[in-house]
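First up is the structure itself, then whatever we jot down about it.
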Amino acid sequence: AQKVTQAQTEISVVEKEDVTLDCVYETRDTTYYLFWYKQPPSGELVFLIRRNSFDEQNEISGRYSWNFQKSTSSFNFTITASQVVDSAVYFCALSMEAAGNKLTFGGGTRVLVKP
Amino acid sequence: NAGVTQTPKFQVLKTGQSMTLQCAQDMNHEYMSWYRQDPGMGLRLIHYSVGAGITDQGEVPNGYNVSRSTTEDFPLRLLSAAPSQTSVYFCASSYRGSGANVLTFGAGSRLTVL
């Protein structure tokens, strides 16, 4: 069975601080995909990134960066120089090649950025 | 394009009542699914469909029914609502295929069962 753990339930930072969200996953499959979604206070789910299990390159998109390490089954997400608009709940999710598009989500991490 | 449209956005039910959450997508996606979101538990898959006429259970299917008569629509039925079904419900769709496809989510439906 697959599982995603986001151990941090809530993180509070002051604007311009960096914040790292941890995501640890469990799966027996060799081909799988990892995702991060953002849920702002308005409630919708916004796709941020997808990564497949064969691509361990780190990725940077503006102030967002992701660190994928298969050796530790982790897919961590860092927001650099946080802004108030980054306040949201962030979800890490996992899907397996064989399972189609079914996502297993972590419990989410609420990020509060204070001005 | 509207994407994934869910109705209603808010609903209050009494225990034992029935209702249907509607979900429609206009992207010609084969795959559609329903998730529920509860505090601290992330989103959990209720039911999914890989095409018209084909549905299957997810992680938490009890108390819910689905059908898929068209590619566009995937309604979720609560036959006899229970307080444990108080939650936020999300419908999502994508192209069929491998686990790589990105799901497009609806705006969510908040259901309260008294």
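The values are calculated or read from the model by the stated rules, or taken from the named source; none is laboratory data. Note that the coordinates shown come from a computational prediction; the quantities given were computed from them, not determined experimentally. Quick reminder, even Gly has a Cβ in these numbers, built from the backbone with ideal geometry, and neighbours come from all protein chains shown. Remember, those area values only see protein heavy atoms, side chains included, never the ligands or the DNA or RNA. Shrake-Rupley method; radii C 1.70, N 1.55, O 1.52, S 1.80 Å.
Checking the structure you have, find out if any residue of the range A:42-57 is closer than 18 Å to A:GLY106 by Cβ and among the aromatic types (Phe, Trp, Tyr). So far as the range A:42-57 goes, yes, one or more of its residues are closer than 18 Å to A:GLY106 by Cβ and among the aromatic types (Phe, Trp, Tyr).
When you look at A:GLY43, is it without any contact (Cβ under 8 Å) to a residue 60 or more places away in the chain, in a loop (DSSP other than H, G, I, E, B) and not acidic (Asp, Glu), yes or no? Judged against the criteria, A:GLY43 is a match. If the condition is being within 14 Å of chain B (Cβ to nearest Cβ) and not in a strand (DSSP E or B), then the range A:1-21 contributes A:ALA1, A:GLN2, A:GLN6, A:ALA7, A:GLN8, A:THR9. Before we move on, is A:THR30 away from chain B (no Cβ under 11 Å), farther than 22 Å from B:GLN37 by Cα and in a strand (DSSP E or B)? Taking the combined requirement at face value, the residue does not satisfy it.
Which of the residues that make up the range B:22-31 are out of contact with any Lys or Arg (no Cβ under 7 Å at 6 or more places or on another chain) and surrounded by 21 or more Cβ atoms within 10 Å (Cβ to Cβ)? Full working, then the answer.
Just the residues of the range B:22-31 that are out of contact with any Lys or Arg (no Cβ under 7 Å at 6 or more places or on another chain), to begin with: B:22-29.
Across the range B:22-31, the qualifying residues are B:CYS23, B:GLN25, B:HIS29.
Among the residues of the range A:97-115, those identified as part of a strand (DSSP E or B), open to solvent by 10 Å² or more (accessible area, probe 1.4 Å) and within 11 Å of chain B (Cβ to nearest Cβ) are A:THR104, A:PHE105, A:ARG110. Please specify each residue of the range A:21-40 satisfying the condition of being polar (S, T, N, Q) and either touching a Pro at 6+ places or on another chain (Cβ under 9 Å) or surrounded by 14 or more Cβ atoms within 10 Å (Cβ to Cβ) (or both). Once the filter is applied, which keeps residues that are polar (S, T, N, Q) and either touching a Pro at 6+ places or on another chain (Cβ under 9 Å) or surrounded by 14 or more Cβ atoms within 10 Å (Cβ to Cβ) (or both), the range A:21-40 yields A:THR27, A:THR31, A:GLN39.
The lone criterion from (1) open to solvent by less than 20 Å² (accessible area, probe 1.4 Å); (2) more than 11 Å from chain A (Cβ to nearest Cβ) left unmet by B:GLY53 is number (1).
The numbered conditions (1) surrounded by fewer than 19 Cβ atoms within 10 Å (Cβ to Cβ); (2) of a type in the set (S, T, N, Q); (3) not in a helix (DSSP H, G or I) are all true for A:SER82 except (1). Of all residues in the range B:59-82, at least one satisfies being within 11 Å of another protein chain (Cβ to nearest Cβ) and at pLDDT below 95. The residue that is farthest from the chain's Cα centre (by Cα), counting only those in the range B:83-107 that are more than 7 Å from chain A (Cβ to nearest Cβ), within 20 Å of B:THR7 (Cβ to Cβ) and touching a residue at least 60 places away in the same chain (Cβ under 8 Å), is B:THR104.
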